[in-house]
Amino acid sequence: MGTHSIRDFGAVGDGARLDTVAIQAAVDTCWAQGGGLVLVPAGTYLTGTIRLRSNVELHLAPSATLLGSTDLAHYATDIVGCCFVNESALDKCLLYAEGEERIAVTGQGTVDGQGAAFPHRTPDGRPGERPMLLRFVRCRQSLLRDVTLRSAGSWCANFVSCEGLRVSGIAIHNRVNANNDGIDLTNTRNVLISDCTLLCGDDAICFQNMSDDEPVQDIAITNCIMSTRWAAIRSGGASRGGIRNVVVSNCIIYDTYGCGIKLQISGNGMMEDMAFSSIVMRNVSSPISLRYGNHHYNDEQRDERFPHGGMRNILFSGIRASVADEATLRAAVPDLHPGEELQCISVCGIPGHPVEGVTLSDLHVALPGGGTAEDAANLHAPELADVYPEYFMWGVLPAYGLYARHARGLCLNNARFELTGEDERPAIVCDDVEDLEIVGLRAGSLRDAKSLARLRLARSQVIRGCRSSGDTSSLVRLVGEDER
């Protein structure tokens, strides 16, 4: 056990000469001697793929930079690639580990992937190869601490089938290419992410299950600051392993234009037992979206040999959010998808498979308004059960605060929806919702909206202690013929 400086193995650190062989020699020697610390001293070290080893800590000094080569020939090909169908363009990786234990990347230095150098498309239109910055596969007891990770060609840090991961105090700046995620947890469990700043071009923290026997579970995320084009916290994937036992707390989300918290699961997958608390969102396209559907993320079909999955037992508490207006969204995102504007909180299942046991408590959301009477009349949007479950899939929703469809056991407690502009939609629309409880709602609505809340196919509802801060003509309006 000891310290091994990469300079002792011939690394130059001038940013021009390739130092891959020297860095790998330092890692391998440290590992062969039982482990220890591999020091990356001040300098800029151009490198291709580096394989990390068990019991080795790669430590970057404050003025040290590992600089990813822009030559794809310098990246390993005999590694586990991206687990997504039709995503082989993302297979290559700069820092890689497979089947290792007690590995660490620490220090106040930087890992820079030079991701802007890798085109998203080749001249003949094919997907361009774009290396990830870091990928750990089937590793145990891994640590990332204090480092800065920036400018990957695609995802920044991907953990596949790992257990016992700790990520603390790191900074991610990943906004130079497509698919610029921050942290992706695939089939991974026992994870603590804390005190991080993630500025991304795609999902900041994403957990997804692509396995039948390895769940994503026991995930704690706290004290993080996130900003991204897409979701700050996102889930996806559809295999039977499922996603469960996730806690997110004390986080700030700002300038996020693909939904603050976006939970999606489809087919045979089950998502359950998750809690989100003490979260402030500023300038987001939508605060929260939950969607269970029948579409598999990898473009596969639901396995009919097994029952449907579902989404259940999800708690949101202490949420403060402000939603960006359409002008702000279009200025920030020139390629805005139709329907991303004027979004609200949504909780949606599919017929016969409701989202169950969702509680939204101590909620204060400021919304820009702008919804029209035509938007409010959108009562029969297509189910789109087999379509990729995106939060804007139905276009502008008929409610400005909360839209729920195919849900059971939905509770809205002490919520305030504050309009900063006029909106002709009701604050709440519930369609095929059983066991609904709304307590202590404060919201505004125009008289033209006809009601503060609109219920269709409503069964077992309790509404109490609510009031309108606007000029609406009624509190609740029932639509349809099957209310009970």
**Message:** For the list (1) within 15 Å of Ala104 (Cβ to Cβ); (2) surrounded by fewer than 24 Cβ atoms within 10 Å (Cβ to Cβ), I need the number of the one condition that Phe159 fails.
**Reply:** (2)
**Asked** Across segment 130-155, what is the number of residues that are under 16 Å from Ala104 (Cα atoms) and either assigned to a loop (DSSP other than H, G, I, E, B) or among the β-branched types (Val, Ile, Thr) (or both)?
**Response** 6
**Residue ranges of strands (runs of 3 or more DSSP E) in segment 412-467 with at least 2 members within 29 Å of the chain's Cα centre (by Cα)** = 428-439
**Prompt:** Residues of segment 368-392 being touching a residue at least 40 places away in the same chain (Cβ under 8 Å), aliphatic (A, V, I, L, M), in a loop (DSSP other than H, G, I, E, B) and touching a Pro at 6+ places or on another chain (Cβ under 9 Å), which ones?
**Reply:** Leu379, Ala385
**Message:** Please go through (1) buried (at least 24 other Cβ atoms within 10 Å of the Cβ); (2) of a type in the set (S, T, N, Q); (3) touching a Cys at 6+ places or on another chain (Cβ under 9 Å); (4) farther than 19 Å from Gly113 by Cβ for Asn209 and return the number of the only condition it doesn't satisfy.
**Reply:** (3)
**Complete:** Exactly one of Val40, Val56 is touching a residue at least 60 places away in the same chain (Cβ under 8 Å), assigned by TED's automatic domain parsing to the domain that holds Asp91 and in contact with a helix residue (DSSP H, G or I) (Cβ under 9 Å, 6 or more places away or on another chain), and that one is Val40
**Prompt:** Which residue pairs have Cβ atoms under 7 Å apart, sit 6 or more places apart or on different chains, and have a first residue in segment 394-405 that is outside the structural domain of Ala373 (by TED's automatic domain parsing) and charged (D, E, K, R) and a second that is crowded, with 24+ Cβ neighbours inside 10 Å and not in a loop (DSSP other than H, G, I, E, B)?
**Reply:** none
**Request:** Scan Gly35, Gly68 and give me the residue that is touching a residue at least 60 places away in the same chain (Cβ under 8 Å), in contact with a strand residue (DSSP E or B) (Cβ under 9 Å, 6 or more places away or on another chain) and closer than 18 Å to Gly115 by Cα.
**Result:** Gly68
**Prompt:** Just checking, which of Ala97, Ala178 is more than 25 Å from Asn223 (Cα to Cα), within 17 Å of the chain's Cα centre (by Cα) and not acidic (Asp, Glu)?
**Reply:** Ala178
**Request:** Look through Pro62, Pro127 and report the one residue that is surrounded by fewer than 23 Cβ atoms within 10 Å (Cβ to Cβ) and more than 28 Å from the chain's Cα centre (by Cα).
**Result:** Pro62
**Item:** Unique residue being among the polar types (S, T, N, Q), closer than 20 Å to Gln208 by Cβ and under 21 Å from the mean Cα position of the chain (by Cα) when the list is Ser168, Ser161
**Value:** Ser161
**Asked** Checking Asn158 against (1) within 20 Å of Tyr45 (Cα to Cα); (2) of a type outside the set (Asp, Glu); (3) assigned to a strand (DSSP E or B), which test does it fail?
**Response** (1)
**Request:** For segment 305-319, name all the residues that are of a type outside the set (Gly, Ala, Ser) and in a loop (DSSP other than H, G, I, E, B).
**Result:** Arg305, Phe306, Pro307, His308
**Request:** Just need a number here: residues in segment 393-411 that are among the small types (Gly, Ala, Ser), closer than 21 Å to Pro338 by Cβ and assigned to a strand (DSSP E or B).
**Result:** 0
**Asked** Which of (1) of a type outside the set (A, V, I, L, M); (2) buried (at least 24 other Cβ atoms within 10 Å of the Cβ); (3) touching a Gly at 6+ places or on another chain (Cβ under 6 Å); (4) modelled with pLDDT of 95 or more is the odd one out, the single condition Tyr403 does not satisfy?
**Response** (3)
**Request:** Output the residue which, of all residues in segment 333-351 that are out of contact with any Lys or Arg (no Cβ under 8 Å at 6 or more places or on another chain), touching a residue at least 24 places away in the same chain (Cβ under 8 Å) and part of a loop (DSSP other than H, G, I, E, B), is farthest from Ala458 (Cα to Cα).
**Result:** His337
**Candidates Val358, Val387 - the one that is over 19 Å from Val323 (Cβ atoms) and at pLDDT 95 or above** = Val358
**Fill in**
When segment 86-116 is checked residue by residue, the ones that are among the small types (Gly, Ala, Ser) and in contact with a strand residue (DSSP E or B) (Cβ under 9 Å, 6 or more places away or on another chain) are Ser88, Ala89, Ala97, Gly99, Ala104, Gly107, Gly109, Gly113, Gly115
**Fill in**
Counted residues in segment 405-423 being closer than 13 Å to Leu290 by Cα and aliphatic (A, V, I, L, M) come to 2
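The values are calculated or read from the model by the stated rules, or taken from the named source; none is laboratory data. Computed from a predicted structure; not experimentally measured. Using ideal geometry, Cβ is built from the backbone for each residue, glycine included, and neighbour counts are taken over all protein chains shown.
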